[in-house]
Amino acid sequence: MTKSAQLLVNKNHGCPILNAPFAFRVGYKTLILSVFLLFGLSISAQQPSTHDLAQRVDRHYNNLKSLKADFTESYEGLGRMRNESGTLLLQKPGRMRWDYSRPAGKLFLLDGKYAWFYSKGDPQVQRIEAKKLDDLRSPLRFLLGHTQLEKEIDHLAAAPAPNGNFTLTGIPHNQENRIQHLSLTITPEGTITGIEIQETDGAVTRFAFSNEQPNVPIPPSTFRFTPPPGIPVINAMGPA
């Protein structure tokens, strides 16, 4: 045996695969390849389609009559930054209340007919008809009726997100002049845990939701707004 052949034998000594017959080695490689292919198919099978994820969101919220959750809100744009937080209440049909604890006394309320805006210390209350509302919190309005996400968001697409969640992205229907991109972070069960809104002017608003409590009892008076004594109500203009 030549010296180079002896070195090759020594190099392969102790490796049962390399020392096995050629046919076995080919079969082993085929087995390994098959395992990887099956593993890849398994991962692919775990990635639900855009339609499936949208349906999960629809089913989750269509089965709710009310909802309570904590929220945080951040804004970056036009040279400003803002971080706020509080409690969100939703009740069908068409009622929404954002109570801010930071800053304390700030309120956004949708009573089904009007939307009301007020912050403690403001000289006036702003009111606008719900059908004319163009507020960034309004994308959640689709959860207040019969949810059909694929009709509410154009160009809807899905992608995996951290912690086993998913994102659904697109543009809210008829808001393409203001909103460039909307992203919903959802759990595999269809619960929305985050919203990111990129406006056409470059501003970005993010909402994160936690401690969701479905179907909590909410008194009807929660969604009735009474202006503070002496504070005038101004009818705000809707979008042009």
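What the table shows:
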read-out	value
Which listed residue is under 12 Å from the mean Cα position of the chain (by Cα) and under 20 Å from ASN62 (Cβ atoms), from ILE192, ILE218, ILE197, ILE153	ILE192
Residue that is farthest from LYS68 (Cα to Cα) [pool: residues in region 143-192 that are in a helix (DSSP H, G or I) and of a type in the set (A, V, I, L, M)]	LEU149
Enumeration of residues in region 91-138 that are of a type in the set (Ser, Thr, Tyr) and either at pLDDT below 90 or surrounded by 16 or more Cβ atoms within 10 Å (Cβ to Cβ) (or both)	TYR100, TYR114, TYR118, SER138
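Conditions tested, residue by residue: (1) over 12 Å from PRO228 (Cα atoms); (2) within 26 Å of the chain's Cα centre (by Cα); (3) not in a loop (DSSP other than H, G, I, E, B).
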site	(1), (2), (3)
LEU88	yes, yes, yes
ARG97	yes, yes, yes
PHE108	yes, yes, yes
PRO123	no, no, no
ARG127	yes, no, yes
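The values are calculated or read from the model by the stated rules, or taken from the named source; none is laboratory data. Note that the coordinates shown come from a computational prediction; the quantities given were computed from them, not determined experimentally. In this analysis, Cβ positions are derived from the backbone assuming ideal geometry, glycine residues included, and neighbour counts consider all displayed protein chains.
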